[in-house]
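Every number in this text was worked out from the coordinates using simple rules, so none of it is lab data. All of these numbers come straight from a predicted model, not from anything done at the bench. Every residue, glycine among them, receives a Cβ derived from its backbone with ideal geometry; neighbour counts consider all protein chains shown.
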Amino acid sequence: MTWEFRKGACGEYELLLEDYLNGALGSSEKATVEQHLRACVPCRAAFENAAASVRLMRLAGPSDGPGPAFARTVMARIRAAEDRVAERMGVWQPLVRFGWRFAATATLVLGVLVTYDAGWVRPAQRGANGARVAAMTDIFAPDPGKAPASRDEVLMMEAEVTHGN
Amino acid sequence: MAASAAALTLPLDRKAKREEDRELVRLSQSGTESAFEELVRRHQQRVFALVGGILRRQEDVEDVAQQVFLKAFLGIKRFDQRAAFSTWLYKIAVNECWDYLRKKKVRPLVYESDLSEEQVSRLDGIVSADRPPEGPNTRAEARELLERMLSALPEQDRQLLVLKEMEGFSVQELAEILDLNVNTVKVRLFRARGRIMEAYRRRADAQSKAAGVAAAQKKG
């Protein structure tokens, strides 16, 4: 083994070295890289390593391709899958259709209820509740019809309350 | 803008193929099964290469490749043709491979045993002499030896190297398929090349030391 191994090339040259290896550099960049390779031992070693790895990798060649019947097999599998789906849909289709209709109706009804509750019922209810509360507070308020007219009547009312309890 | 610039730089035959693919996709989307079958024929080789490059298990490749085309068929109506059909298909293939590996809970391929001394010296000869393998046996052997070395690399390094050097994918294609920046792919590839040679050197060193010890014991 004659290569000099090293962990890495100059960071700023890694990209260029890969392009150089793949023959993807323009003439000016190629000249820059070649000049750098002449001057930088670690980069030269890394590049030689990379070139050796290309040789190594290309020895094995691509993996085996598909057999001649592959496309037909795929299409047969696709048709079988389609048949299965159609069959499944055939059995469940009425149920699925009923489910969708039920869901649509339920959504519509729910929408109507929510709108009705928010838009029309609430204000009316609020009015009725307000009246009920007002009525409740009236119990504790002095009856305007029976308001004491004099000091004696006030004393009489107080006596009624005290003795009444 | 970038996409149209890329399209302009494509070689003419690739551009024509891409146009034909677009038409076949349109026909497939309208329900013409024979158009999809033609797409399968056109791309089966590359899908096999991609799946084979990731899984490295020949016995599983056909099954996964079939699954890839089945998924493509089921999803083709949703494919909007903004990307090339091949890129879209290869992404399905990559995802399918990862799903498969996840389900099986295996690493793509792991060799437990080390290289023999004879194998190391044969590899040494092949790598430094820069000569192609002589026959099918040598090629199969080279592949087997290489697989052992690749198993020492991190998964992504291994995939990049295999797809680029063995299966012939371009840097641009790899960037698209694996959702990586082109420059990232290049730098990773360059580092991966260093790593595989390092792994090779480690194994070769260990092997020659072991051989030395065995020879010394024999003498003793």
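In table form, for the structure just shown:
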| item | result |
| --- | --- |
| Low-density loop positions, GluC sites (Glu not before Pro), segment A:1-79 - DSSP coil, at most 13 other Cβ in 10 Å | A:4 |
| Other protein chain Cβ atoms within 10 Å, averaged over every residue that makes up B:93-101 | 0 |
| Residue-averaged beta-carbon neighbours from other chains (10 angstrom radius) around A:63-69 | 6 |
| Vicinal HN-Hα couplings computed from phi for segment B:85-90 (Karplus, 6.51 cos²θ - 1.76 cosθ + 1.60; Hz; Gly/Pro x) | 4, 4, 4, 4, 5, 5 |
| Cβ neighbours within 10 Å from other chains - mean over B:147-155 | 1 |
| Segment A:11-60 - Rg and Dmax from Cα coordinates, angstrom | 11.1, 34 |
| Relative contact order of segment B:11-109, pairs being alpha-carbon contacts under 8 Å that are 6 or more residues apart, as % | 32 percent |
| Phi to ³J(HN,Hα) by Karplus 6.51 cos²θ - 1.76 cosθ + 1.60 over segment A:34-51, Hz, x for Gly, Pro | 5, 5, 5, 4, 5, 8, 10, 5, x, 5, 5, 5, 5, 5, 5, 4, 4, 5 |
| Karplus (6.51, -1.76, 1.60) ³J(HN,Hα), θ = phi - 60°, over segment B:63-69, in Hz, Gly and Pro reported as x | 4, 5, 4, 4, 4, 4, 5 |
| Peptides ranked, highest mean first, by Cβ atoms within 10 Å: ranges B:181-192, B:154-165 | B:154-165, B:181-192 |
| Test item: Cα-centred dipole of segment B:11-109, Lys/Arg +1 and Asp/Glu -1 on Cβ, debye | 520 debye |
